[in-house]
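Reading through the structure tokens given below for one structure.
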Amino acid sequence: MEFQLKADLKCSGSVSEAVSSSEIAEFVKHCNAELLKKGAPPGCGAEIERWNVAGEKIGLKIVSDRFVRAHDALLRLKNEFGKFLGPHRIGIRGMEIEDYEIAMEWEEGLKIKKLPFVREIKQEEGMLKLFLDVDEFSLEKRIPDRIIRLLEDKKEAARWKGKKEHWELLFESNKKLFYFDKDPTEEMMKRGWIKHAAGRGQWIYGPQLTKIFRTFERILLDEVCKPLGYEEMVFPKFVTWDVWKRSGHAKGIYPEAYYVCTPKTRDPEFWEEVMDYYKVTNEVPLDMIMERIEPVGGMCYAQCPPFWVFLQGKTLPDEILPIKIFDRSGTSHRYESGGLHGIERLDEFHRVEIVWIGTKEQVIEHSKLLQEKYRRIFDEILDIEWREAWVTPWFMAQEGKAGLAELKEVGTIDYEAVLPYSGKWLEFQNVSVNGDKYPKGFSVKLQSGEELWSGCSGVGLERWAAVLLAQKGFDQDKWPAKFRSAVGKLPEIFRFL
Ligand code: SER
Ligand code: ZN
């Protein structure tokens, strides 16, 4: 990697009048020998290749390798020149970046068309050349380093693309009897149990399916949450950008988010034109609204991230671990791909989110307990046919990083069940050990200084229903006995003429 940076240091007085050329030459030589080589292996580092002084400006051309990147060199020089000129009562007022060029080896096939803070990109003969458009502020914010990291991420992403996401079978249940071979969504629509709502991928669940959802929750509480010592909490369902910055979702959630906006002001006068337009046309003026609102975040997507604000910046005593909590207080929203299908793939869905927090050992151990409890439910109460697979961790997939989880300690197990009517496998819940990702992202520490870990597991109510009904159908006599008695009689309320 090669860096070439041309910049001017702007001084508060005339440098050419205060210091002789030979003194500056001596100083530059000294910087080249010491300051710009600090931290680099012998023979490496940065170098002032050219300099010139004109009145209050010191022009510098810096070249460097990756060891002391040119912008680092410039920031060091700004300081050092300040010290050098101080005795002459001259300070450094600022810097102007004229040109910043970064060149690196690059795969021919991977085209880079656009990058933030880059004015031009040239790609030829296995090289990538970036011409940056940066100022002093962006150098201080380490924008060039972040651009380089972004390129590394893109390289990594390209390597995983094409290859399918990681999937490795861990467990397969026994074969089970299926009593249905149709699409349960269609059947429920026919029976008037559900109706598509006004929104995309959104449904209204009638009393029968709602009772089934509540039964699932009760089973989960009785079989998993209570015996494992969970307590219920209520997590927010609107998620701010800051939460998604900390959870990592800000890296990649954009094509799938349901965005939330607030009015730029509550002042009714500011909104009068919008109201008047609607009253006159009966059309909601979307363009006029867009100008008057501000995106502040999105709707609940992964469910656990906004919980972490509860612990943000805190230190926990070791004795209270492991912490076990769950939330079932609201909907999750995803702008799903075209593959929307009935209650199997939804934009608005209902999930119980289970979160546990502890030391590394506690979190891994607890994940195993949870897996045992789930198996009991699927085997003995719902009596379904399912399998468990080790997959790309949900948080990596959602950040747009589909890498392998090398160690089997951190990562996600997906639970999948076959839908007899289509022969497809549907993921209906997951169990994940998320390592120190969340405690780190939200700055939560442990009193002993030991590493804090966490895990989470999402139980999708629509998915459980889709799987159960697809395999067992609608004849309640055929339902597994324990489930049948847990549900009881399904309510019949509506009739249509
Ligand atoms: N938060 C996890 C997910 O989004 C588990 O629900 O998949
Ligand atoms: Zn989660």
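With the checklist (1) open to solvent by 80 Å² or more (accessible area, probe 1.4 Å); (2) free of Cβ contacts under 8 Å to residues at least 40 places away in the same chain in hand, flag the one item Ala250 doesn't pass.
The one condition Ala250 does not meet is (1).
In the set Val260, Val239, which member is at pLDDT 95 or above, under 19 Å from Ser443 (Cα atoms) and assigned to a strand (DSSP E or B)?
Val239
If you scan region 130-154, which residues turn out to be open to solvent by 70 Å² or more (accessible area, probe 1.4 Å) and within 18 Å of Met1 (Cα to Cα)? Break it down into steps so the answer makes sense when it comes.
Step one: of region 130-154, the residues open to solvent by 70 Å² or more (accessible area, probe 1.4 Å) are 133, 135, 137, 140-142, 146, 149, 152-154.
Answer for region 130-154, where residues must be open to solvent by 70 Å² or more (accessible area, probe 1.4 Å) and within 18 Å of Met1 (Cα to Cα): Arg142, Arg146, Arg149, Glu152, Asp153, Lys154.
Taking only region 459-472 into account, find how many residues are touching a helix residue (DSSP H, G or I) at 6+ places or on another chain (Cβ under 8 Å) and within 13 Å of ligand 1 (Cβ to nearest atom).
2
Which one is nearest to the chain's Cα centre (by Cα), of the residues in region 325-350 that are open to solvent by 50 Å² or more (accessible area, probe 1.4 Å) and more than 15 Å from ligand 1 (Cβ to nearest atom)?
Within region 325-350, the match that is nearest to the chain's Cα centre (by Cα) is Ser337.
I'd like to verify a number: residues in region 220-247 that are open to solvent by 40 Å² or more (accessible area, probe 1.4 Å), within 17 Å of Glu353 (Cβ to Cβ) and free of Cβ contacts under 8 Å to residues at least 12 places away in the same chain, how many?
Of the residues in that region, 1 qualify.
Filter region 351-378 down to the residues that are crowded, with 20+ Cβ neighbours inside 10 Å and closer than 20 Å to Trp425 by Cα, then identify the one that is nearest to ligand 2 (Cβ to nearest atom).
Arg351
What residue, among those in region 257-286 that are among the hydroxyl-bearing types (Ser, Thr, Tyr) and closer than 30 Å to Glu399 by Cα, is most open to solvent (accessible area, probe 1.4 Å)? Let's see the steps before the verdict.
Narrowing region 257-286 to residues among the hydroxyl-bearing types (Ser, Thr, Tyr): 258-259, 262, 265, 277-278, 281.
Subsequent filtering for residues that are closer than 30 Å to Glu399 by Cα retains 258-259, 262.
Working: Tyr258: 67, Tyr259: 110, Thr262: 55 Å².
The residue in question is Tyr259.
What about Phe310, is it within 15 Å of ligand 2 (Cβ to nearest atom) and open to solvent by 70 Å² or more (accessible area, probe 1.4 Å)? Can you show your working first?
Working: within 15 Å of ligand 2 (Cβ to nearest atom): yes; open to solvent by 70 Å² or more (accessible area, probe 1.4 Å): yes.
Yes, satisfied.
Can you pull out every residue in region 46-79 that is touching a Cys at 6+ places or on another chain (Cβ under 7 Å), open to solvent by less than 80 Å² (accessible area, probe 1.4 Å) and over 11 Å from Asn32 (Cβ atoms)?
Selection gives Ile58, Asp65.
Find the strands (runs of 3 or more DSSP E) located wholly in region 65-178 whose residues include 3 or more that are of a type in the set (D, E, K, R), and list them. Don't jump to the end; show me each part of the working.
Working: elements: 92-105, 118-124, 127-132, 167-172.
Passing ranges, in order: 92-105, 118-124.
Which of the residues that make up region 155-195 are open to solvent by 100 Å² or more (accessible area, probe 1.4 Å) and in contact with a strand residue (DSSP E or B) (Cβ under 8 Å, 6 or more places away or on another chain)?
Glu165, Glu172, Lys195
What is the one condition in (1) farther than 30 Å from Leu150 by Cβ; (2) open to solvent by 80 Å² or more (accessible area, probe 1.4 Å) that Ile289 does not satisfy?
Checking Ile289 against (1) farther than 30 Å from Leu150 by Cβ; (2) open to solvent by 80 Å² or more (accessible area, probe 1.4 Å), the one that fails is (2).
The values are calculated or read from the model by the stated rules, or taken from the named source; none is laboratory data. All values reported here derive from a predicted model rather than from experimental measurement. Note that we place each Cβ from the backbone using ideal geometry, even for glycine, and neighbour counts take in every protein chain shown. Each accessible area value is taken on the protein alone, full model and side chains, heavy atoms only, with ligands, DNA and RNA left out. Shrake-Rupley method; radii C 1.70, N 1.55, O 1.52, S 1.80 Å.
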